[in-house]
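Everything below concerns the one structure shown next.
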Amino acid sequence: MSRAVSTTGPDATERAGADLAARLGPGDVVLVSGELGAGKTTFVRGALRALGISGPVTSPTFVVGHAYEGVDGPVSHLDLYRLAGMADEDPGLLEPFFAPDAIAFVEWPEHGPGAWPPERVAHTVHLAHAGGDERSIEVA
């Protein structure tokens with residue numbers, strides 16, 4: 001089942017992320033796609049806040065991923081934009097981010113197909129520009 005929402009600014013995009021986070025459980029993986037500047041990290045920030053992460057939440061573009069400890073267990077935030085495929089990478093590079101009880105958010109999943117356990121994908125999210133600060137968000 002797919003759900004689409006429109007947001008009018010960053011705060012509303014964060015609320016959409018928080019709404020999704022309320023439906024997640026240990027082990028869930030969420031794939032988050034959209035063009036540059038579409039609000040992927042803003043959406044994930046809202047989800048992470050709802051999961052109890054209070055520190056800075058920034059895009060992990062240059063470090064691949066950040067691991068956090070949420071109120072109910074581990075939470076990971078990955079950005080695969082710079083990977084452009086996993087062929088030359090150590091196959092175990094991303095394993096710690098996908099611990100069995102971790103909730104993981106993966107930005108730019110199209111750049112690292114197969115980098116996550118496919119059976120754990122709970123939702124796919126696509127964000128798109130809709131003019132100004134407005135975003136269209138589709139959650140499947």
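Suppose all protein chains stay in the model; what accessible area per residue would a 1.4 Å probe give for the chain, in Å²? It would help to have the intermediate numbers written out before the result.
Numbers: 6920 Å² over 140 residues.
Computed with neighbouring chains in place, this is 49 Å² per residue.
Quote the accessible area belonging to E69 in square angstrom, nearest 10, computed with a 1.4 Å probe and with ligands, DNA and RNA left uncounted.
130 Å²
Please list Y81, Y68 in order of solvent-accessible area, largest first, computed with a 1.4 Å probe with all protein chains present. The partial results should precede the final answer.
Numbers: Y81 75, Y68 40 Å².
Listed by decreasing accessible area, they come as Y81, Y68.
So what does D133 come to for accessible area, using a 1.4 Å probe and Å² rounded to 10?
Only protein atoms counted, so the area is about 100 Å².
From largest to smallest, what semi-axes in whole angstrom does the chain give when each is the square root of 5 times an eigenvalue of its alpha carbon gyration tensor?
22, 17, 14
What's the center-to-center distance, using Cα atoms, between the stretch 96-140 and the stretch 1-64 in Å?
Taking the Cα centre of each part, the stretch 96-140 and the stretch 1-64 sit 9 Å apart.
For S6, S33, write out the residues from largest to smallest accessible area, computed with a 1.4 angstrom probe and no ligands counted.
S6, S33
Given the options V139, F62, L94, identify the residue whose Cα lies farthest towards the positive end of the charge dipole of the chain (+1 on Cβ of Lys, Arg; -1 on Cβ of Asp, Glu).
V139
Run through the DSSP bridge list for the stretch 32-127 and note the antiparallel percent, rounded to the nearest 5. Can you show the working numbers first?
Details: 6 of 14 bridges.
Within the stretch 32-127, antiparallel bridges account for around 45 percent of the total.
Can you pull the percent of the stretch 1-120's accessible area that's carbon plus sulfur, 1.4 Å probe, other chains left in place? Don't skip to the end; give the middle numbers.
On the way: 3310 of 5940 Å².
Carbon and sulfur: 56 percent of the exposed surface of the stretch 1-120.
The values are calculated or read from the model by the stated rules, or taken from the named source; none is laboratory data. What you are looking at is a predicted structure, and each value in this text was computed from that prediction instead of being measured. Here Cβ is always computed from backbone atoms with ideal geometry, including for glycine, and neighbour counts include all displayed protein chains. Heads up: the accessible areas ignore ligands, DNA and RNA and are worked out on the full protein's heavy atoms, side chains in. Shrake-Rupley method; radii C 1.70, N 1.55, O 1.52, S 1.80 Å.
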